[in-house]
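Read through the structure below, which is laid out as structure tokens, and then see the notes.
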Amino acid sequence: MSAYSVDGDSLINVYGIDGELLIHWYDVNGNKVSPSYDNYTITTAWSYARYAQGLDVHGDVVAIWDDHQNSLFLKDISDGTLISTLTPGVSSHGNDISFTNEYFDSSDEFPLICVNSQYFFRITRSSITLVRNLTQPNGVGDVNLRYGGVFNGNYMYMMGYRYNYDVETDNFIRIAKVDMTNLINYGDGTYTPTLVSYVDRDWLPCIQGASYHDGMIWIACGLSSPGYLYALDPSTGDIKVSINLGSTGELEGLGWGRNDTDGWFAFIGAVKKGYIKVTFS
């Protein structure tokens, strides 16, 4: 099935230009098309090739951060074939990477990609350039908001823990909404976004990577069996969708995608095991 805007115009992909995010897909008559989250299939997409952290999906490309080499791998979504290895010269653990809604140039294939809610890179299939270094917004306290950064229009949701991802006692998850059109510019490539609001929710283990889809923040969650795919309400942190992924081990990295063969799917990394694909009808 092809994708269309709400006005019936054909779309190349789900991203617009200049920060416009097309959250939903529409049919040619302008009717919203969303998957059924009660009807899904869990499969192993690829076997594990090397250690990796955050990931995201854009079209037929999966971007994966390797913190051992501080490199970004671009792979074909269908079989994991390596397209290229991009080395930006910046050190980051890369718990989360997310494609943004912002294109450096309207002719670019990919929007900017954000690593650890901090580094923003312009990428092609053969090059990578650092364009922005984002500091944490003022007013969020000592919470480390480097475990999930997802984009909705002009806003970014930054996620982190009071302590860290494997400490359960007296811990919580903070979801901070920041305005990416209102950045403090320090003149050296470093910027601070403006805090709009934040919400805290009960601790969940090992949220490392997130994706914004259908009005919700989707996270892969788990340090040991079973792992879960959750959808959170961004304004409350409440769990709206819960899917038991079975025996997965530690989960890191999550991206949403769609194609004519599979329809909607969530693509998830399981450390030292492989990549999981959850396909929805």
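No lab work stands behind these numbers, since they all come straight from the coordinates. Small disclaimer: the values here were computed from a predicted structure and weren't measured. Cβ atoms come from the backbone with ideal geometry, glycine included; neighbour counts cover every protein chain shown.
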- Query: Taking θ as phi - 60°, what are the ³J(HN,Hα) couplings along segment 244-253 by the Karplus curve (6.51, -1.76, 1.60), each to the nearest whole Hz, with x for Gly and Pro?
  - Reply: 6, 8, x, 6, 10, x, 6, 9, 9, x
- Message: List residues of segment 147-175, by number, whose backbone nitrogen lies under 14 Å from a label position 7 Å along Cα→C-beta of Ser224.
- Response: 166-168
- Message: What does the C-alpha gyration tensor say about the overall shape of the chain? Classify as rounded when a/c is under 1.5, otherwise prolate if a/b is larger than b/c, or oblate.
- Response: rounded
- Item | Relative contact order (%) - segment 36-280, alpha-carbon pairs under 8 angstrom, separation at least six | 19
- Note on the structure: With +1 on the Cβ of every Lys and Arg and -1 on the Cβ of every Asp and Glu, the dipole magnitude of the chain about its Cα centre, in debye rounded to the nearest 20, is 460
- Item | Approximate spin-label separation Asp202-Val131, in nm, with each point projected 7 Å along Cα-to-Cβ | 4.1
- Query: When the Karplus curve 6.51 cos²θ - 1.76 cosθ + 1.60 is applied with θ = phi - 60°, which whole-Hz ³J(HN,Hα) does each residue of segment 86-99 get, with x for Gly and Pro?
  - Reply: 10, 10, x, x, 10, 8, 7, 5, x, 3, 9, 10, 9, 5
- Query: Using the count of nearby Cβ atoms within 10 Å as a rough guide to exposure, how do His213, His93 rank from fewest to most?
  - Reply: His93, His213
- Message: Within the chain, how many Lys pairs that are eight or more residues apart, or on different chains, come under 23 Å at the alpha-carbon?
- Response: 6
